[in-house]
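Here is the structure we will look at.
The values are calculated or read from the model by the stated rules, or taken from the named source; none is laboratory data. Please read all numbers here as calculations on a predicted model, not as lab measurements. Glycine gets a Cβ as well: all are built from the backbone with ideal geometry, and neighbour counts include every protein chain shown.
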Amino acid sequence: MIPVTPSDVIKRELHGRVLVVRIDNPPVNALSARVRNELQLAFEAAEADATVDAVLLIGAGRAFAGGADIREFGKLPKPPALPDVCNQIEACGKPVVAAIHGVALGGGLELALAAHYRIAVSGAKFGLPEVTLGLLPGSGGTQRAPRLVGAKAALDLMLSGRHIGAKDAHALGLIDEIASTDDVLADGLAYTQRLLAAHAPARRTRDARALADRTSSRAAIEAARADAAKKTRHLFSPMKIVDAVQAALEMSFDDGLRHERQLFLQCLDSPQRAGLVHAFFAEREVQKAPETRKAKPRAITNVGVIGGGTMGAGIAVALLDAGLPVTMIERDDASLLRGGALVEKVYDRLVEKGRMSLEEKADVLARLSGSTSYDALDKADLVIEAVFEDMAVKKAVFAELDRVCKRGAVLATNTSYLDIDAIAASISRPADVVGLHFFSPANVMKLLEVVVPSKASADVIATAFDLAKKLRKVPVRAGVCDGFIGNRVLAIYRAAADHMMEDGASPYQIDRAVRDFGFPMGPFQVSDLAGGDIGWATRKRRAATRDPKMRYVQIADRICERGWFGQKTGRGFYLYAEGGRTGQPDPEVEAIIMDERQRAGITPRTFSDDEIMRRYMAAMINEGANVVHEGIALRPLDVDVTFVHGYGFPRHRGGPMKYADTVGLANVLADIREFAKDDPLFWKPSPLIVDLVERGATLASLNQSA
Ligand code: T1G
């Protein structure tokens with residue numbers, strides 16, 4: 001092997017008469033401007049070098065290439081553009097082989113498609129996930145992939161954004177060979193030698209013929225268009241992907257490329273790309289809480305869960321899914337059996353769907369044990385309590401944990417609003433206490449609020465973030481206050497919705513406006529799903545300390561007083577047909593609302609959907625800013641991640657804080673001040689927003705790493 005030129009991102013080595021071009025841009029070989037430039041030079045040199053018969057393109061480190069450098073989006077583009085590099089590779093007069101390991105995603109896969117042949121190790125993954133960033137494959141992918149694998153398979157890859165393995169990629173024709181070992185260089189070289197020995201031509205993907213059957217291609221395109229119109233009606237780029245594949249069918253390759261470029265630039269300019277790219281980086285940034293840099297996590301090899309109710313069982317499943325052994329503690333055998341059955345039910349459903357075998361289910365459940373004695377937790381490294389939301393009950397549980405758990409065990413509470421500092425102060429080891437606020441269903445929802453009591457040691461918090469990684473959850477660091485980040489802000493924008501309901505908007509109009517904004521459900525549908533009794537209990541708990549001058553809407557109380565808690569009782573704000581989940585408006589609820597307006601002396605007025613959303617979002621943004629201002633959330637991006645991953649906030653808008661910057665913080669402040677004319681107590685502008693607007697700064701300016 002003869003190193004040809006010193007370069008830090010593209011290394012060239014001559015192996016006999018094959019030039020190996022290695023992309024070396026950790027951590028994922030993103031195709032930055034530097035990489036693109038050096039790739040061009042490498043292929044120019046290969047073409048001109050008479051000692052080179054073929055080129056083998058591989059990636060260093062853990063990936064072939066993770067795609068275009070996402071950090072470049074929104075900045076001034078630097079040449080050469082990736083499509084030009086791909087075209088140059090494809091036009092190379094000598095055979096070019098891509099040997100893939102790790103991932104080949106987005107522009108990374110497009111680079112491989114521009115090569116003439118492709119081989120991959122068996123564990124390699126492939127994808128065109130640009131749609132998850134509000135984009136489309138903009139380096140020839142929408143033109144080459146359909147020609148190589150057909151319109152249907154190409155559209156499925158691009159519209160789902162999913163990753164596929166080497167076997168599926170080979171079956172589709174995306175790659176030519178699966179390597180017999182994991183040595184991507186050796187097998188790549190051997191494959192290249194075989195191609196040279198067979199005098200294999202420089203086979204250009206643009207000449208592939210998988211679109212030859214125009215009828216089935218057209219049918220696939222129309223089906224994808226109809227599907228995208230239904231499933232992704234809020235998103236901009238899916239339809240552009242369909243348009244690009246239609247161009248692949250109807251235009252010449254070069255015209256198709258030009259059309260792809262136009263469509264790509266339209267996506268690049270859309271606010272959805274800005275929102276989705278923000279969400280991508282934000283959900284990685286939140287993993288880097290200060291404590292994770294200051295301390296090492298404690299080892300977690302086995303975990304206890306106190307409580308086998310909905311939350312306890314869900315948490316147990318999340319832990320079992322992460323491969324951990326779990327000991328469930330309940331107060332008596334009957335409760336323990338019920339808890340175990342709730343856990344087993346989750347796996348029975350997976351077996352029914354064919355996503356788990358009976359043996360796999362047995363293996364998982366073998367890691368679950370149960371006891372009615374806390375003594376069973378004497379070896380646990382971590383215990384998570386998920387018992388009844390009552391301070392006395394929680395303190396009793398922690399007293400037992402303090403008695404039986406080994407030194408160094410992390411003691412976590414899943415409370416959703418109780419004061420964790422008070423719980424920590426009730427035992428001899430407050431430094432070991434942390435809040436792990438899971439969202440129901442705990443084995444499904446990605447968000448995990450890591451609530452940091454004042455006395456917690458840094459390594460306990462680092463352990464909580466390490467646990468989140470094991471559970472494949474998205475952790476957000478939260479300070480101690482009523483409702484932490486999510487539920488505290490939820491209470492405010494739900495109150496704004498209640499005010500509008502009492503002032504004249506129907507709950508059904510409000511829910512529809514919120515759904516049209518991009519949420520899966522509106523606030524009243526959410527209340528019916530979660531159970532109105534939960535919010536009712538919270539309102540009753542807060543009644544004694546509620547500011548009597550603060551507006552209080554009693555409509556939800558009237559509904560709860562009738563036992564109408566939502567789906568679980570067949571009616572709440574909506575009427576549910578027998579066991580159904582799709583509610584219908586309820587005339588009796590509308591009558592209650594009318595009565596309450598009368599009682600409150602309110603003459604109802606109409607609201608436009610636009611005003612509903614301006615009020616709803618202004619309340620959410622204002623309280624989100626307060627949460628940052630008070631240090632409950634580290635940065636605005638932590639609030640964004642909380643709402644995208646825990647409250648259904650539309651990901652393509654990036655989160656409430658990102659959205660505020662998108663619409664303009666000054667406009668949000670103007671709304672708040674407008675609304676304050678009628679209710680100065682509720683609409684108190686966050687000092688953070690006032691300060692940023694005065695300085696002409698954005699919330700994003702506060703997002704540097706904490
Ligand atoms: N550009 C820049 N940085 C990236 C990156 C990328 N494409 N992918 C990952 N990173 C960073 C990430 O922010 C993190 O940084 C670190 O790498 C490790 O990532 C023209 C336009 C590859 C499967 O959508 O899916 O190509 O936090 O924590 O869990 O048509 O990263 O360490 O500072 O996620 O092992 C298309 C996106 C781009 C792939 C690895 N490509 N990346 O997962 O590590 S658009 C993608 C991923 C495009 C072309 C279009 C994952 C991964 P930091 P990580 P991981």
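Which of the residues that make up segment 236-260 are surrounded by fewer than 21 Cβ atoms within 10 Å (Cβ to Cβ) and closer than 16 Å to P129 by Cα? Those that are surrounded by fewer than 21 Cβ atoms within 10 Å (Cβ to Cβ) and closer than 16 Å to P129 by Cα: F236, M239. Scanning segment 70-87 for residues that are surrounded by 21 or more Cβ atoms within 10 Å (Cβ to Cβ) and near the ligand (Cβ under 8 Å from one of its atoms) yields a total of 2. Of the listed requirements (1) among the hydroxyl-bearing types (S, T, Y); (2) outside any helix (DSSP H, G or I); (3) crowded, with 19+ Cβ neighbours inside 10 Å, T606 misses just one: (3). Taking first residues from segment 340-367 that are more than 15 Å from D321 (Cβ to Cβ) and exposed (fewer than 12 other Cβ atoms within 10 Å of the Cβ) and partners that are among the aliphatic types (A, V, I, L, M) and modelled with pLDDT of 95 or more, the Cβ contacts under 8 Å between residues at least 6 apart in sequence or on separate chains come to S357/V351; L358/V351.
Within segment 48-76, restricting attention to residues that are β-branched (V, I, T) and assigned to a strand (DSSP E or B), the residue that is nearest to G108 (Cα to Cα) is I58.
Listed by position, the helices (runs of 4 or more DSSP H) contained in segment 629-706 that have at least 1 residues being among the aromatic types (F, W, Y) and under 16 Å from F519 (Cβ atoms) are 636-646, 656-663. Out of everything in segment 118-137 that is crowded, with 24+ Cβ neighbours inside 10 Å and over 21 Å from the mean Cα position of the chain (by Cα), what residue ends up being nearest to the ligand (Cβ to nearest atom)? This residue is A124. Of the residues making up segment 42-57, not a single one is within 15 Å of the ligand (Cβ to nearest atom) and closer than 23 Å to Q143 by Cβ. Looking across segment 492-520, the residues that are among the aromatic types (F, W, Y) and either at pLDDT below 95 or under 17 Å from A556 (Cβ atoms) (or both) come down to Y493, Y508. Answer with yes or no whether D516 is among the charged types (D, E, K, R), buried (at least 24 other Cβ atoms within 10 Å of the Cβ) and assigned by TED's automatic domain parsing to the domain that holds D557. So D516 does not fit the description; no. Here is a check on your reading of the model: is L189 away from the ligand (no atom under 12 Å from the Cβ) and either over 31 Å from the mean Cα position of the chain (by Cα) or not in a loop (DSSP other than H, G, I, E, B) (or both)? For L189, the condition - away from the ligand (no atom under 12 Å from the Cβ) and either over 31 Å from the mean Cα position of the chain (by Cα) or not in a loop (DSSP other than H, G, I, E, B) (or both) - is met. Has segment 294-312 got any residue that is assigned to a helix (DSSP H, G or I), basic (K, R) and either modelled with pLDDT of 95 or more or not assigned by TED's automatic domain parsing to the domain that holds L447 (or both)? Yes, segment 294-312 contains at least one residue that is assigned to a helix (DSSP H, G or I), basic (K, R) and either modelled with pLDDT of 95 or more or not assigned by TED's automatic domain parsing to the domain that holds L447 (or both).
Taken as a whole, the condition of being more than 12 Å from the ligand (Cβ to nearest atom) and under 28 Å from the mean Cα position of the chain (by Cα) does not apply to G150. Assigned by TED's automatic domain parsing to the domain that holds A318 and assigned to a helix (DSSP H, G or I), is that true of K406? No. The residues in segment 279-293 that are within 16 Å of the ligand (Cβ to nearest atom), out of contact with any strand residue (DSSP E or B) (no Cβ under 7 Å at 6 or more places or on another chain) and assigned to a helix (DSSP H, G or I) can be counted, and the count is 9. What are the residues in segment 293-318 that are within 17 Å of K469 (Cβ to Cβ) and surrounded by 22 or more Cβ atoms within 10 Å (Cβ to Cβ), if any? Of everything in segment 293-318, those that are within 17 Å of K469 (Cβ to Cβ) and surrounded by 22 or more Cβ atoms within 10 Å (Cβ to Cβ) turn out to be V303, I315, A318. The single condition among (1) surrounded by fewer than 19 Cβ atoms within 10 Å (Cβ to Cβ); (2) touching a Ser or Thr at 6+ places or on another chain (Cβ under 6 Å) that A334 does not satisfy is (2). Between I164, I119, the distinction of being in contact (Cβ under 8 Å) with a residue 60 or more places away in the chain and in contact with a Phe, Trp or Tyr (Cβ under 6 Å, 6 or more places away or on another chain) belongs to I119 only.
Restricting attention to segment 313-344, the residues that are within 27 Å of the chain's Cα centre (by Cα) and in a loop (DSSP other than H, G, I, E, B) total 4. When A186 is tested against the conditions (1) over 30 Å from A33 (Cα atoms); (2) exposed (fewer than 15 other Cβ atoms within 10 Å of the Cβ), the lone failure is (1). Under the condition of being surrounded by fewer than 18 Cβ atoms within 10 Å (Cβ to Cβ) and among the aliphatic types (A, V, I, L, M), the residues counted in segment 676-699 number 4.
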